[in-house]
Amino acid sequence: MLRLGYDLPMPVPLLAPMQPDDIPEVIAVEREAYTAGWPATAFERELTANAMARYLVVREDSAAPSPIVAFGGLWLMVDQAHIVTVAVIPQARRRGYGRLVLHGLIELAHAAGMDSVTLEVRVSNEAARALYRRYGFYEVGVRKRYYADNREDAIIMTTEALASPAYQQRLERLRAELAERFPGGYIARHLEAVRTA
């Protein structure tokens with residue numbers, strides 16, 4: 001276990017493919033994370049009827065049954081993956097869970113043979129934009145009034161080719177940082193399980 005602050009233990013999280021049984025918890029996470037989310041039936045359709053969809057969840061502790069604190073999903077479309085959602089419950093932010101989901105989604109996209117990854121992010125979400133830049137996403141456009149809840153613009157971001165030597169070096173460095181943040185070899189095993197799911 002990691003130590004967070006004043007000798008408070010921080011558990012090593014579990015990253016895993018989303019299962020149908022996870023849907024009620026995922027809906028709860030989304031409702032805490034966003035003012036406007038998907039209908040309850042959307043995740044069931046994504047898991048059972050959308051062959052392009054892949055979703056991951058993060059449970060707070062890999063050593064014991066624990067709640068889902070974050071999730072993310074993407075669509076594998078021809079040669080490009082499109083991240084459709086990433087959410088972390090507010091009380092669990094700034095602990096690396098969003099980063100772990102993003103990393104898992106990118107690894108999954110690369111393992112599926114995708115050339116690049118794209119996404120939309122709120123103009124006002126500087127924390128997410130900074131995380132995406134750290135993972136090599138760069139801004140390529142704007143979708144005006146994209147978000148239904150407040151008509152906020154979305155920044156379109158994409159990566160360079162996932163298989164390029166430069167991107168693979170970046171991903172390896174970021175993978176090592178995650179392994180250092182969450183020691184014990186758990187993260188490497190979880191990422192391998194995600195790549196082969």
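The values are calculated or read from the model by the stated rules, or taken from the named source; none is laboratory data. The structure presented is a predicted model; accordingly, all values stated were derived computationally and were not measured. Don't worry about glycine lacking a Cβ; one is built from the backbone with ideal geometry, like all the others, and counts go over all protein chains shown.
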> For the range 111-120, what are the residues that are surrounded by fewer than 21 Cβ atoms within 10 Å (Cβ to Cβ), more than 18 Å from GLU192 (Cα to Cα) and either at pLDDT below 95 or not hydroxyl-bearing (Ser, Thr, Tyr) (or both)?
Replying inline: ASP115, GLU120
> Of these, ARG133, ARG145, ARG93, which one is basic (Lys, Arg), surrounded by fewer than 18 Cβ atoms within 10 Å (Cβ to Cβ) and under 27 Å from GLN19 (Cα atoms)?
Replying inline: ARG93
>> Tell me the residue from LEU108, LEU100 that is assigned to a helix (DSSP H, G or I), surrounded by 23 or more Cβ atoms within 10 Å (Cβ to Cβ), in contact with a Leu (Cβ under 6 Å, 6 or more places away or on another chain) and not basic (Lys, Arg), please.
In response: LEU100
>> Checking the condition in a loop (DSSP other than H, G, I, E, B) and in contact with a helix residue (DSSP H, G or I) (Cβ under 6 Å, 6 or more places away or on another chain), which residue from LEU178, LEU162 passes?
In response: LEU162
> Are any residues in the range 29-44 in a helix (DSSP H, G or I), surrounded by fewer than 18 Cβ atoms within 10 Å (Cβ to Cβ) and in contact (Cβ under 8 Å) with a residue 24 or more places away in the chain, and if so, which ones?
Replying inline: GLU32, GLU44
>> Looking at the structure I just gave you, is VAL86 at pLDDT 90 or above and in contact with a strand residue (DSSP E or B) (Cβ under 7 Å, 6 or more places away or on another chain)?
In response: yes
>> Criterion first (surrounded by 22 or more Cβ atoms within 10 Å (Cβ to Cβ), out of contact with any Gly (no Cβ under 6 Å at 6 or more places or on another chain) and at pLDDT 90 or above) does ALA81 satisfy it?
In response: yes
>> Anything in the range 148-168 that is closer than 21 Å to LEU100 by Cα, surrounded by 13 or more Cβ atoms within 10 Å (Cβ to Cβ) and either out of contact with any strand residue (DSSP E or B) (no Cβ under 8 Å at 6 or more places or on another chain) or of a type in the set (S, T, N, Q) (or both)? List them, or say none.
In response: THR158, THR159, TYR167, GLN168
>> Restricting to the range 8-25, give me the number of residues that are without any contact (Cβ under 8 Å) to a residue 60 or more places away in the chain and either within 18 Å of the chain's Cα centre (by Cα) or not in a strand (DSSP E or B) (or both).
In response: 9
> What is the one condition in (1) without any contact (Cβ under 8 Å) to a residue 60 or more places away in the chain; (2) buried (at least 23 other Cβ atoms within 10 Å of the Cβ) that LEU47 does not satisfy?
Replying inline: (2)
> For the range 132-150, does any single residue satisfy the condition of being under 14 Å from the mean Cα position of the chain (by Cα) and among the hydrophobic types (A, V, I, L, M, F, W, C)?
Replying inline: yes
>> Going residue by residue through the range 58-69, is there one that turns out to be touching a strand residue (DSSP E or B) at 6+ places or on another chain (Cβ under 8 Å) and within 19 Å of ALA111 (Cα to Cα)?
In response: no
